[in-house]
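Q: Okay, here's the structure, questions in a sec.
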Amino acid sequence: MPLNTLTPVTDSLRTLLLRGLLAGLIAGLLGGVVAFALGEPHVQAAIEIEESAAAPVESDHAAGETAPHGHETESTEPEGHSHGDDALVSRTGQRVGLFLATGLAGLALGAIFAVVVHYARRFTTMAGTPLAIVVAGCGWLAIEAVPFFKYPANPPAVGDPDTINERTLLWLASVLLGLLAVAAAVYAGRALRDQGLVTTRVIGQVAAFLAVVTVGYLALPGIDEVGEDFPATLLWQFRISSLATQAALWLALGLAFAFLTERAGRRAIR
């Protein structure tokens with residue numbers, strides 16, 4: 001007779017944090033693999049487009065140094081703006097650093113995930129395994145999906161360096177919007193939990209989520225800095241790979257945490 005390990009989470013915060021760190025590291029490394037396999041070729045293609053566009057400017061600058069009568073042509077290429085061999089970090093170093101970055105991000109995300117599960121278990125009777133998967137899904141919606149469909153990721157050579165601070169703040173605002181939308185959906189679900197029909201509760205949660213997201217999207221300004229000459233196919237391939245990377249990270253985080261939780265529950269029953 002199989003053991004029933006679908007029990008509520010009763011572990012201490014310390015245990016959950018250790019579990020979250022391990023699950024986050026696994027998820028981060030898997031996200032790095034997906035980013036390397038799907039995203040890296042598109043990043044390289046975008047860098048080649050950026051460098052090819054800068055080449056004529058550099059040629060004009062070189063020609064200006066030897067132009068007659070001292071008429072020099074000033075280059076508009078920013079200093080230090082290079083992804084090639086003369087960059088501060090080589091492309092090989094950037095590729096290796098990708099796994100380091102995703103691994104560290106996964107660790108941080110796993111710790112935050114564990115804290116959320118620790119507090120979420122106080123407001124639900126849901127077993128630990130499905131709770132981990134639900135929290136991961138809500139996290140993906142709030143931190144990735146909502147910001148992505150308002151401010152999708154852009155490859156190198158896209159975006160004005162002078163607006164990077166503004167774009168960062170707007171992205172953070174969209175993350176807060178996602179968190180608010182998920183919180184509204186959870187509140188709606190709790191308010192409708194006494195309803196006899198499950199569909200009524202689900203419809204209420206979806207309606208609350210979409211209402212908050214719609215209002216937020218209308219309030220936040222749009223950003224469109226993609227040049228008309230940038231290949232549309234490459235742009236969307238990069239964005240899809242970015243979305244796939246984040247989806248893989250959150251899915252792996254939820255499943256790894258759920259697996260570790262179920263495994264711990266099985267040991268406790270024995």
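The values are calculated or read from the model by the stated rules, or taken from the named source; none is laboratory data. Just so we're clear, the structure is a prediction, and the values are computed from it rather than from any experiment. For neighbour counting, all protein chains shown are included, and Cβ atoms are generated from backbone atoms with ideal geometry for every residue, glycine included. To get the accessible areas, we keep the full protein, side chains included, count just its heavy atoms, and leave off ligands, DNA and RNA. Shrake-Rupley method; radii C 1.70, N 1.55, O 1.52, S 1.80 Å.
Q: Would you be able to say whether some residue in region 221-229 is within 24 Å of R122 (Cα to Cα) and either in a helix (DSSP H, G or I) or of a type in the set (A, V, I, L, M, F, W, C) (or both)?
A: Initial filter on region 221-229 (within 24 Å of R122 (Cα to Cα)): none.
There is no residue in region 221-229 that is within 24 Å of R122 (Cα to Cα) and either in a helix (DSSP H, G or I) or of a type in the set (A, V, I, L, M, F, W, C) (or both).
Q: Looking at V198, V146 in this structure, which one is in contact (Cβ under 8 Å) with a residue 24 or more places away in the chain and among the hydrophobic types (A, V, I, L, M, F, W, C)? Give the steps one after another, and end with the answer.
A: On the way: V198 fails: in contact (Cβ under 8 Å) with a residue 24 or more places away in the chain.
Criteria check complete, one pass: V146.
Q: Oh, and also: Given the conditions (1) hydroxyl-bearing (S, T, Y); (2) free of Cβ contacts under 8 Å to residues at least 60 places away in the same chain; (3) within 30 Å of L16 (Cα to Cα), which single one is not true for T233?
A: Exception for T233: condition (3).
Every residue, every condition in (1) open to solvent by less than 70 Å² (accessible area, probe 1.4 Å); (2) at pLDDT 75 or above, yes or no:
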position	(1), (2)
T10	no, yes
L13	yes, yes
A27	yes, yes
V34	yes, yes
A54	yes, no
E74	no, no
E77	yes, no
D85	no, no
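Q: Scanning for something of a type in the set (D, E), at pLDDT below 95 and over 29 Å from A27 (Cβ atoms), does region 229-247 turn up at least one residue?
A: Keep residues of region 229-247 that are of a type in the set (D, E), which gives 229.
Add one more test, that the residue is at pLDDT below 95, and what stays is 229.
Among the residues that remain, those that are also over 29 Å from A27 (Cβ atoms) are: 229.
Checked against the condition, which is being of a type in the set (D, E), at pLDDT below 95 and over 29 Å from A27 (Cβ atoms), region 229-247 yields at least one hit.
Q: What's the number of the only condition in (1) under 29 Å from T10 (Cβ atoms); (2) polar (S, T, N, Q); (3) not in a loop (DSSP other than H, G, I, E, B) that T163 fails to meet?
A: (1)
Q: Can you spot a residue in region 208-220 that is open to solvent by 30 Å² or more (accessible area, probe 1.4 Å), in a helix (DSSP H, G or I) and of a type in the set (G, A, S)?
A: Keep residues of region 208-220 that are open to solvent by 30 Å² or more (accessible area, probe 1.4 Å), which gives 209-212, 214-215, 217-220.
From what is left, the residues that are in a helix (DSSP H, G or I) are 209-212, 214-215, 217-219.
Now drop any that are not of a type in the set (G, A, S), which leaves 211, 219.
Scanning region 208-220, I find at least one residue that is open to solvent by 30 Å² or more (accessible area, probe 1.4 Å), in a helix (DSSP H, G or I) and of a type in the set (G, A, S), so the answer is yes.
Q: Ok, one more. Between P152, P147, which is outside any helix (DSSP H, G or I) and either under 18 Å from P221 (Cβ atoms) or among the β-branched types (V, I, T) (or both)? Explain how you work it out, then say what you get.
A: Values: P147 fails: outside any helix (DSSP H, G or I).
Residue meeting the stated conditions: P152.
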